[in-house]
Amino acid sequence: MPELPEVETVRRGLAPVLEGARIVRADIRRANLRWPFPPNMAARLQGARVIALRRRSKYLLGDLDTGESLLIHLGMSGRILIATAGAAHVPPGKHDHVVLDLMGGARITYNDPRRFGAMDLMPTEAAPTHRLLAGLGPEPLGNGLNTPYLADKLAGRRTSIKAALLDQRIIAGLGNIYVCEALYRAGIAPQRAAGSLSAAEVDTLVPLIRRVLDEAISAGGSSLRDYRQADGNLGYFQHAFRVYGREGEACVTPGCAGIIQRIVQSGRSTFYCPRCQS
DNA sequence: CTTACGGCCTGTACGC
DNA sequence: TGCGTACAGGCCGTAA
């Protein structure tokens, strides 16, 4: 589930439940996800009130009134399930690794079959220098991403533009899907060397990255209600993808007779239209 | 320094 | 029905 729009969608769904709420019980059901949980995690969460739920790149940060922040990453397969106050609480399932009970009766469950996700605790003021956050590039929806910045970062790079946009040190939060979608909209072939983009192409690309993410967040918002209905099965916006997962299908650009291709770049699938993108 | 790749885990879809 | 293979939205450590 997790690229930036999905994480932001989770944040927006979770914030009304979590912000202002006190954690009355933390059930840590295994010792680790991708890495070991921090020492005494349950005790450090129990009794804490959540002041704010923020997002940085694909990470969620819950600021607690204890002075610490809870960092959550969803990895490839992480989900957060919300059972609102009054809902019947079913026993935790196989991949329910962390369960937080809130004062008032709501329950937050972190579920992650592949366990590529992560959780950690740190002093709130130390969050920006946390090892997972320190090296991240600017937020793509913030002012830090602009044409001069991106042009500078891409200059001289021989790696593909696809790989460069996936590099979290250049832009934080883009993943495989939205890189494919943004390059398609910009008409830029994913195999192009990052440093070969013209200033005009970078100037085209930057607002399209933002637009794809904005549209995805808007679409994600519409499925929030389903998300809260507990079983976590989200359709999300596959229907909005123009190239991702569409290998062999006709290009949706009017008048284009192209067929969407799938290639593998640095071990990841790339989808693109060989006629529209050059 | 940049770039490429293996590995982490489990689940699912598909071909035989 | 069962088995093997490929693949999946991320990211780190290592090596060249």
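Values in this text are rule-based calculations from the coordinates and carry no lab data. Note that the structure is a prediction, hence the values are computed from the model and not measured. Positions of Cβ are backbone-derived with ideal geometry, glycine not excepted, and every protein chain shown enters the neighbour counts.
List of remarks:
- Sequence-ordered 3J(HN,Hα) estimates for region A:55-68 from the Karplus curve with 6.51, -1.76 and 1.60 and θ = phi - 60° stand at 10, 10, 6, 9, 9, 9, 10, x, 7, 9, 6, 8, x, 9 Hz, glycine and proline given as x.
- Distance in nm between pseudo-label sites at A:Gln168 and A:Ser266 (7 Å out along the Cβ direction from Cα): 1.3
- Whole-Hz Karplus values for region A:157-167 come out as 7, 9, 5, 5, 4, 4, 5, 5, 6, 7, 6 Hz, taken residue by residue from phi with 6.51 cos²θ - 1.76 cosθ + 1.60 and θ = phi - 60°; glycine and proline positions read x.
- Available extension along the chain between A:Asp65 and A:Thr129 is 21.1 nm, counting 0.36 nm per residue and deducting the alpha carbon span.
- For chain A: relative contact order, % (alpha-carbon pairs under 8 angstrom, 6 or more apart): 17
- Take the convex hull of the alpha carbons in chain A; its mean projected area over all directions comes to 14.9 nm².
- Relative packing of peptides A:155-167, A:181-193 - highest average C-beta neighbours within 10 Å first: A:181-193, A:155-167
- Extension gain from A:Arg29 to A:Phe116, taking 0.36 nm per residue of separation minus the Cα-Cα distance: 29.7 nm
- Both radii were evaluated on the Cα set of region A:147-272; the Rg over Rh quotient, with Rh as the Kirkwood radius, amounts to 1.00.
- Long-range amide H partners of A:Phe37 with built H, under 5 Å: A:Asn32
- Packing-based exposure ordering (other Cβ within 10 Å, fewest first) of A:Cys273, A:Cys256, A:Cys251: A:Cys256, A:Cys251, A:Cys273
- Of the DSSP H helices in chain A, those whose Cα atoms cover at least 24 Å axially and whose Kyte score averages 0.5 or more: A:199-222
- Region A:4-129 shape via C-alpha gyration tensor axes, a/c threshold 1.5: rounded
- Length released on extending from A:His239 to A:Glu19, taking residue separation times 0.36 nm less the Cα-Cα span: 76.0 nm
- For A:Ile51, the amide hydrogen comes within under 5 Å of the amide hydrogens of A:Gly20, A:Asp63, A:Leu64, A:Asp65, counting only partners 5 or more places away or on other chains and with H modelled in the peptide plane.
- Chain A: calculated mean residue ellipticity at 222 nm from DSSP helix runs of at least 4, using -39500 (n - 2.57): -8000 deg cm²/dmol
- Sorting A:Met119, A:Met41 from the fewest to the most surrounding beta carbons within 10 angstrom yields A:Met41, A:Met119.
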